[in-house]
């Protein structure tokens, strides 16, 4: 069956009233779940699995793909409006999305998020269709040492996040790495730095930590230093419509292309996922930017990078799932379980026996990403109405959302305490010019760095030279060194030039 026949067969399956209806329902459900703090994309997909039992296997994966893609996008809505990351992958969106909202440009930020997300999702869908088998083979070449190098590459962005306060940013990142070690040792099974607290055996939970660091700390900041929100009217600007100029779109074209490719490749790697893709995409654009100081202060490039990367990872995670039966992330793993419930044996023979799976998923992801833009605008309008509420009422409401979202993640009151403590820590860090974003980066990537490095050392029987001399690993680590050193040199040259002038 050639490509055209494959696409026609997939279109015939997807463009039926039942499948289109379920894709639409999946979009609405995914965007709403994604916009609610504490509900990750994987949780949204898992909650929808029972509804797939009435569908055929292709309809099931089309519906769950719609939930997955739209949940990742929906997480950006509260990240922009309230600095609450709806999903962990939306944490990076808060860095530039919320400052844009504070400047009265929430409409522009929301439109950019939706279009960037759709672009990343569509590019990754094409990659899934055209080079699925080749990309799967590439992904299988990445062992523990390569995954460690990729995570360390993400950490190399610390020296670029705030060049004026580089030392404090690095200290914040190292603190995040330290916090990532609090848990049961993953290889030896012994408690580390838990101080006798059973709650800490599972590590510091990611969602409560992020919600506290970004949302609760912002409420405390607004209480002490109120910001005027009157410029934002229902998510749109009073003095300009929800749009970007042609020059702004044109200036973002290479960012969208680069981050779509990066996000797709990261999504293929087992255990990586959308959160790491967004951090890596954001870090890459900081390194390539001529004005890195704009990032974190309402940069359109930074916002575009994070949202394009995390949505491109959705299509990337489907590549090993459909080609090899290996889920690229938590959401993809839930999809595998849903297919197995219907008696489908995922693996290399699936696409040979039923090639319409690939084309059907491709068509459904294209439809999902286009439909998602319009549905997300409607949901964003509903959420943005909350901004009209006076802040003496809105602030406690945000705290309530944060507490409920944190509790909903694991139904554990300890998570609510972590959220509040993280909020206090985030507030004082911002007051003393340390970086909550850098701490979050260290916390997210620290566990991945440690686990993969230790596995790689065990595989090589303690020979560190063999661990770091693997071609892909060595190349990535050389890039890490370059990315760490260049901002330091650039800052010294700038300081020297300022002294001479």
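The values are calculated or read from the model by the stated rules, or taken from the named source; none is laboratory data. Predicted model, so just to flag it, every value in this text is computed and none were measured. Please note: Cβ atoms are built from the backbone with ideal geometry, for glycine as well, and neighbour counts cover all protein chains shown.
Structure above, values below:
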item: Matching residues, segment 193-218, being in contact with a strand residue (DSSP E or B) (Cβ under 8 Å, 6 or more places away or on another chain) and surrounded by 15 or more Cβ atoms within 10 Å (Cβ to Cβ); result: 194, 200, 203, 204
item: Helices (runs of 4 or more DSSP H) completely within segment 213-325 that count 2 or more residues being closer than 22 Å to residue 437 by Cα and at pLDDT 80 or above; result: 217-224, 253-268, 273-288, 300-324
item: Single residue of 386, 394, 424 found to be under 22 Å from residue 224 (Cβ atoms), in a helix (DSSP H, G or I) and modelled with pLDDT of 85 or more; result: 424
item: Some residue of segment 488-500 being closer than 20 Å to residue 172 by Cα and in contact with a helix residue (DSSP H, G or I) (Cβ under 8 Å, 6 or more places away or on another chain); result: yes
item: Residue tally, condition part of a helix (DSSP H, G or I) and either surrounded by 22 or more Cβ atoms within 10 Å (Cβ to Cβ) or at pLDDT 85 or above (or both), over segment 33-51; result: 7
item: Some residue of segment 353-361 being at pLDDT 75 or above, assigned to a helix (DSSP H, G or I) and surrounded by fewer than 22 Cβ atoms within 10 Å (Cβ to Cβ); result: no
item: Residue list for segment 52-88, restricted to those being in a helix (DSSP H, G or I), farther than 19 Å from residue 317 by Cβ and at pLDDT 80 or above; result: 59, 77, 78, 79, 80, 81
item: Extreme residue, modelled with the highest pLDDT, among residues of segment 89-106 that are under 12 Å from residue 307 (Cα atoms) and not in a helix (DSSP H, G or I); result: 92
